[in-house]
Amino acid sequence: METKIKSLGLKTKISVGVLTSSRADFGIYYPLLKKMDSHEYFDLEIIAFGTHLDENYGKTINEIYSSGFKVKHQIETLTLNNNPYETSKSISNTMSKFSEFWNNNRFDLVICLGDRYEMFAAVSASLPFQIKLAHIHAGETTLGAIDNVFRHSISLMSKYLFVSTEKYEKRAIEINSDPELVYNVGALSIDNLENLNYYSIDEFNQKFNIDLNKPTILSTFHPETISLSKNKQYVDELIMSFDELKKRYQIVITMPNADTMGDMIREKFIDFSKGVSEVKLIESFGMKGYLSCMKHCSFLLGNTSSGFVEASYFPKKVINLGQRQDGRIITENILNTPITKDNIIKAVKKTEKKVLQGNENIYGKGNTAQNIIDVIKNMKL
């Protein structure tokens with residue numbers, strides 16, 4: 001990767017704030033945080049908020065601590081999401097909390113990631129303070145979720161855009177109209193996958209009491225937030241599919257994010273799993289646990305972005321449900337299907353017969369964290 005900004009000299013330290021609101025973005029950030037934390041030029045300060053501090057979502061700030069990082073800033077924000085009103089209140093509350101935070105804290109650069117509503121709220125509150133923002137995973141499109149609007153809005157508010165593929169680079173340039181400030185660095189998740197010491201099947205069983213010697217489906221299903229009225233129907237169809245598939249598979253379900261109607265899906269999974277030994281519900285595996293489960297499972301079934309980026313690395317077969325991820329790049333390992341029981345069962349049968357040829361990973365070569373650091377070191381901050 002060619003650096004687009006010539007070196008203009010470095011301060012003794014560059015103060016960098018990193019916004020993390022959930023288990024998902026922290027897992028992606030990890031290789032970058034690790035390199036920054038040990039680098040002489042960076043004064044790293046982690047800013048944790050959202051579900052990281054919520055007991056109902058596993059209080060995943062503990063995963064940050066267990067990874068060896070300090071968390072200098074902890075901002076408690078609402079994570080209500082049963083309906084649009086609650087989500088709107090959560091956005092408002094997060095903006096209010098971050099208005100005070102930005103007023104009292106200064107950084108040379110703040111890094112944000114992805115498309116979550118709470119990330120959008122934190123970034124929006126920074127705008128009047130003219131804080132320099134760098135947005136990771138800019139330029140991507142997910143037409144089945146209102147997060148698509150949040151992602152592009154975050155990009156518009158950010159000075160520097162980091163993208164994972166050439167296609168997303170073109171989209172990011174359309175957003176900010178300045179190709180000199182858009183950087184195709186690859187996906188941080190590939191760094192994780194290249195360098196991770198995965199759990200063996202036996203180690204995984206010892207830690208999580210889940211035997212991946214059994215044929216296993218790994219599932220994460222989030223609401224389609226532009227089709228709210230259909231989500232009850234969608235999760236009912238998925239559960240009917242699980243009810244049939246559990247005759248042949250162990251089903252490991254990681255619980256949904258704090259999206260609108262996410263709690264409804266969560267409650268239905270809990271009800272379905274009661275007394276069903278073939279169904280395992282997991283609040284948070286942590287990065288190593290989740291990626292190890294992905295490596296050893298038979299295939300993925302759901303609508304999570306990890307079915308696109310991380311799953312392409314192995315590659316692992318994926319059945320992608322519905323429209324939440326519409327607009328993402330479809331690689332050879334992914335099969336799209338509507339969210340009905342009949343279509344899901346047909347997709348499983350087709351996936352079972354499919355033989356992957358293997359393909360060059362379009363999301364980078366496992367050096368994304370270093371690429372980002374090289375760019376930041378040469379910014380005029």
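The values are calculated or read from the model by the stated rules, or taken from the named source; none is laboratory data. As the structure is a prediction and not an experimental result, all values here were calculated from the model. So basically every Cβ, Gly included, is an ideal-geometry build from the backbone, and we count neighbours across all protein chains shown.
Considering only the stretch 191-202, state which residues are surrounded by 12 or more Cβ atoms within 10 Å (Cβ to Cβ) and not polar (S, T, N, Q). Selection gives Asp191, Leu193, Glu194, Leu196, Tyr198, Tyr199, Ile201. Note on the stretch 230-258: among residues that are in a loop (DSSP other than H, G, I, E, B) and of a type in the set (Lys, Arg), the one that is farthest from Ile270 (Cα to Cα) is Arg248.
Criterion applied to Asn371, Asn361 was being in contact (Cβ under 8 Å) with a residue 60 or more places away in the chain and part of a loop (DSSP other than H, G, I, E, B), and the one residue passing it is Asn361.
Condition check: acidic (Asp, Glu), within 26 Å of Asn231 (Cα to Cα) and assigned to a helix (DSSP H, G or I). Does Asp342 satisfy that? It is true that Asp342 is acidic (Asp, Glu), within 26 Å of Asn231 (Cα to Cα) and assigned to a helix (DSSP H, G or I). Pull up the stretch 316-352, narrow it to residues that are buried (at least 19 other Cβ atoms within 10 Å of the Cβ) and of a type in the set (D, E, K, R), then point me to the one that is nearest to Tyr363 (Cα to Cα). Per the criteria, the residue is Arg328.
This table checks each residue for (1) surrounded by fewer than 23 Cβ atoms within 10 Å (Cβ to Cβ); (2) more than 30 Å from Phe299 (Cβ to Cβ).
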position: Tyr117; (1), (2): no, no
position: Ala122; (1), (2): no, yes
position: Leu127; (1), (2): yes, yes
position: Ile146; (1), (2): yes, no
position: Gly186; (1), (2): no, no
position: Ser189; (1), (2): no, no
position: Phe204; (1), (2): yes, no
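Residue-by-condition table, conditions (1) buried (at least 18 other Cβ atoms within 10 Å of the Cβ); (2) touching a Ser or Thr at 6+ places or on another chain (Cβ under 7 Å); (3) not assigned by TED's automatic domain parsing to the domain that holds Asp25:
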{"position": "Tyr57", "(1), (2), (3)": "yes, yes, no"}
{"position": "Gly68", "(1), (2), (3)": "no, no, no"}
{"position": "Ile75", "(1), (2), (3)": "yes, no, no"}
{"position": "Asn82", "(1), (2), (3)": "no, no, no"}
{"position": "Asn103", "(1), (2), (3)": "no, no, no"}
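At pLDDT below 95 and in contact with a Gly (Cβ under 6 Å, 6 or more places away or on another chain), is that true of Thr141? Yes.
Taken together, the residues in the stretch 186-225 that are over 17 Å from the mean Cα position of the chain (by Cα) and either farther than 16 Å from Ser306 by Cβ or of a type in the set (Ser, Thr, Tyr) (or both) amount to 21.
Here Ser273 does not qualify as at pLDDT below 95, among the small types (Gly, Ala, Ser) and surrounded by fewer than 22 Cβ atoms within 10 Å (Cβ to Cβ). Of the numbered criteria (1) of a type outside the set (A, V, I, L, M, F, W, C); (2) touching a Lys or Arg at 6+ places or on another chain (Cβ under 8 Å); (3) surrounded by 15 or more Cβ atoms within 10 Å (Cβ to Cβ), the one Glu180 fails is (3). Residues of the stretch 38-90 that are part of a helix (DSSP H, G or I) and either closer than 28 Å to Ala369 by Cα or of a type in the set (A, V, I, L, M, F, W, C) (or both): Gly50, Thr51, His52, Leu53, Tyr57, Ile61, Asn62, Glu63, Ile64, Tyr65, Ser66.
Residues of the stretch 289-327 that are hydrophobic (A, V, I, L, M, F, W, C) and either without any contact (Cβ under 8 Å) to a residue 12 or more places away in the chain or outside any strand (DSSP E or B) (or both): Leu291, Cys293, Met294, Cys297, Phe308, Val309, Ala311, Phe314.
Screening Ser158 with (1) within 24 Å of Phe49 (Cβ to Cβ); (2) touching a helix residue (DSSP H, G or I) at 6+ places or on another chain (Cβ under 6 Å); (3) in contact (Cβ under 8 Å) with a residue 40 or more places away in the chain; (4) hydroxyl-bearing (Ser, Thr, Tyr) gives one miss only, at (2).
In the stretch 195-228, what residues are more than 26 Å from Ile251 (Cα to Cα) and not in a loop (DSSP other than H, G, I, E, B)? Within the stretch 195-228, Asn195 is the sole residue that qualifies.
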